[in-house]
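Novice: The structure under discussion is supplied below as structure tokens; questions concerning it will follow.
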Amino acid sequence: MPLPPKIAAPADRARPWVQMKYFTYHPQVYSRMLGGASDDARPGDLVTVYDKDGQRFGAGFFNPSAHVPLRVLHHGQDVVDEAFLEGLLDRACDLREKIPTLADAKETDAYRVIHSDADSLSGLVVDKYADTLCVEIHSLGVYKRIEKWLPRLHARLGTKRATVRVNPDIARIERITGPAVAGDAPPVVKIRECGVRYEVDFATGHKTGFFCDQRENRKKLGEWVKRLGPKTRVADLCCYTGGFALAAKMLGGAEDVTGVDLDEKSIEQAKRNANLNQARINWIHTDAFMWIRQMLLNKERWDVIVVDPPKFVFDAEDVEGRLKYRDLNGLAIQLAKPGALLVTCSCSGQVSEEEFIEIVISAAHHRGRRLQFLDRTTAGPDHPVMSNCPESRYLKVLWARVW
């Protein structure tokens with residue numbers, strides 16, 4: 001992609017700087033939106049951002065060769081330096097200390113500490129698992145500072161160890177070529193959530209190893225199942241390491257719980273999580289689509305069905321991914337007894353909540369079923385959403401009875 005041109009500017013500008021060509025409040029600014037950069041602006045630099053009229057507009061990380069060359073961390077006239085960035089770390093920690101469910105150590109010791117753009121730290125994701133931090137880096141600017149930031153985070157959070165991840169594709173896009181950031185975390189840590197124990201395996205787990213974003217939804221499922229009674233039959237489709245299945249069993253008291261996932265390592269981890277809680281759950285290592293079809297042939301039906309697949313849709317034009325959501329939900333709905341509870345999820349940021357609802361309704365109606373919607377939920381407050389980056393609200397969870 002073309003690099004921002006080096007352009008002449010008033011000598012009194014704060015250096016290094018980048019100037020916008022068009023107005024946007026979005027934290028991720030693409031090359032076509034940039035008018036130019038100072039000749040001393042280097043990849044990974046903290047730069048002052050000026051608007052198209054030459055007025056100070058904010059500050060952010062600059063990386064001219066990256067897919068997102070400018071990540072704006074602050075909008076306003078303030079002078080932003082490295083100390084200001086450390087203050088953003090503190091601000092994120094302050095928020096988590098004020099969230100009631102996180103402040104109660106008995107509730108959980110696992111949550112998101114920093115949620116990238118939603119915490120004004122674009123390109124940085126940090127999850128806390130007991131005394132260990134799992135860090136995901138998505139920008140060169142963060143990569144160049146993370147070793148300095150980690151001790152501050154440990155001091156604030158009472159953690160002792162960290163594992164730092166840079167996806168190889170991200171490293172290529174961001175031109176991150178330096179040595180790996182040293183980490184001292186063990187390969188596996190144990191956490192607790194609402195009385196349920198889990199193992200987080202950093203070597204084999206997806207993303208940061210565990211999906212903290214579903215914490216409140218797992219608890220809510222347990223409460224529903226408890227009201228429905230111990231004879232409630234629960235199916236957790238695309239169960240990953242068994243979060244919803246264990247919530248139904250341990251919090252809801254369901255006697256018959258089945259978890260299905262295609263990933264063999266995830267199912268093995270789910271089994272270990274069940275053993276940690278001395279829970280008997282039917283774990284099935286197979287493709288959820290195939291399993292549902294076989295269960296339909298067997299005339300099996302369930303009282304509660306959870307559908308929580310991986311990300312299916314990767315861009316606005318991804319028709320195939322949208323069809324997968326419709327097909328999987330249509331199959332799952334056929335498994336439902338009349339009046340059964342359906343909990344269906346999408347973690348695709350490119351699919352809005354309204355579009356996801358339309359997909360699920362279409363799936364139900366095409367199979368002669370109707371949905372009585374009860375609730376719409378999302379991730380917990382440790383996954384905030386900034387008004388100028390609404391796609392941070394990627395998780396959508398629909399709760400409905402199937403008729």
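The values are calculated or read from the model by the stated rules, or taken from the named source; none is laboratory data. On a predicted model such as this, the values are computed, not experimentally measured, just so you know. So basically every Cβ, Gly included, is an ideal-geometry build from the backbone, and we count neighbours across all protein chains shown. The accessibility values were calculated without ligands, DNA or RNA, using every heavy atom of the protein model including side chains. Shrake-Rupley method; radii C 1.70, N 1.55, O 1.52, S 1.80 Å.
Novice: Considering only the range 168-181, I want to know if a residue exists there that is part of a loop (DSSP other than H, G, I, E, B), surrounded by fewer than 22 Cβ atoms within 10 Å (Cβ to Cβ), of a type in the set (A, V, I, L, M, F, W, C) and in contact (Cβ under 8 Å) with a residue 24 or more places away in the chain.
Specialist: Yes, the conditions are met somewhere in the range 168-181.
Novice: A further question on this structure: Of all residues in the range 324-358, how many are touching a helix residue (DSSP H, G or I) at 6+ places or on another chain (Cβ under 6 Å), open to solvent by less than 20 Å² (accessible area, probe 1.4 Å) and part of a helix (DSSP H, G or I)?
Specialist: Final tally of qualifying residues: 5.
Novice: Right, here's the next one. For the range 160-178, check the following and say yes or no: at least one residue is over 21 Å from the mean Cα position of the chain (by Cα) and closer than 28 Å to LYS271 by Cβ.
Specialist: So far as the range 160-178 goes, yes, one or more of its residues are over 21 Å from the mean Cα position of the chain (by Cα) and closer than 28 Å to LYS271 by Cβ.
Novice: Regarding VAL79, is this residue β-branched (Val, Ile, Thr), on the phi < 0 side of the Ramachandran plot and open to solvent by less than 40 Å² (accessible area, probe 1.4 Å)?
Specialist: no
Novice: Continuing with the same structure: Of all strands (runs of 3 or more DSSP E) completely enclosed by the range 184-257, which ones contain at least 2 residues that are farther than 23 Å from ILE114 by Cβ, touching a Ser or Thr at 6+ places or on another chain (Cβ under 8 Å) and at pLDDT 95 or above?
Specialist: By residue number, 233-237.
Novice: Further, regarding this structure: In the range 182-216, what residues are more than 30 Å from ALA248 (Cβ to Cβ) and open to solvent by 80 Å² or more (accessible area, probe 1.4 Å)?
Specialist: Hit for the range 182-216 is ASP184, nothing else.
Novice: Next up: What number of residues within the range 92-107 satisfy the criterion of being modelled with pLDDT of 95 or more and either among the acidic types (Asp, Glu) or more than 20 Å from the chain's Cα centre (by Cα) (or both)?
Specialist: The total comes to 1.
Novice: Given GLU320, GLU268, GLU255, which one is free of Cβ contacts under 8 Å to residues at least 40 places away in the same chain, open to solvent by 80 Å² or more (accessible area, probe 1.4 Å) and closer than 20 Å to GLY242 by Cβ?
Specialist: Unique residue meeting the criteria: GLU255.
Novice: Still on this structure, I have one more. Return the residue satisfying two criteria in turn: it lies in the range 282-317 and is under 18 Å from VAL360 (Cβ atoms) and among the aliphatic types (A, V, I, L, M), and of such residues it is surrounded by the most Cβ atoms within 10 Å (Cβ to Cβ).
Specialist: So, considering only residues that are under 18 Å from VAL360 (Cβ atoms) and among the aliphatic types (A, V, I, L, M), the one surrounded by the most Cβ atoms within 10 Å (Cβ to Cβ) is VAL306.
Novice: Something else: Could you say which residue among LYS148, LYS144, LYS160 is surrounded by fewer than 20 Cβ atoms within 10 Å (Cβ to Cβ) and in contact with a Gly (Cβ under 6 Å, 6 or more places away or on another chain)?
Specialist: Unique residue meeting the criteria: LYS144.
Novice: Assess whether GLY58 counts as being open to solvent by less than 40 Å² (accessible area, probe 1.4 Å) and in a strand (DSSP E or B).
Specialist: For GLY58, the condition - open to solvent by less than 40 Å² (accessible area, probe 1.4 Å) and in a strand (DSSP E or B) - is met.
Novice: Something else about it: Search the range 377-390 for residues that are within 11 Å of ILE114 (Cα to Cα) and pair each with any residue that is outside any helix (DSSP H, G or I) when their beta-carbon atoms are under 7 Å apart and the residues are at least 6 apart or on different chains.
Specialist: ASP382/ILE99; ASP382/TYR111; ASP382/ARG112; HIS383/ARG112; HIS383/HIS115; PRO384/HIS115
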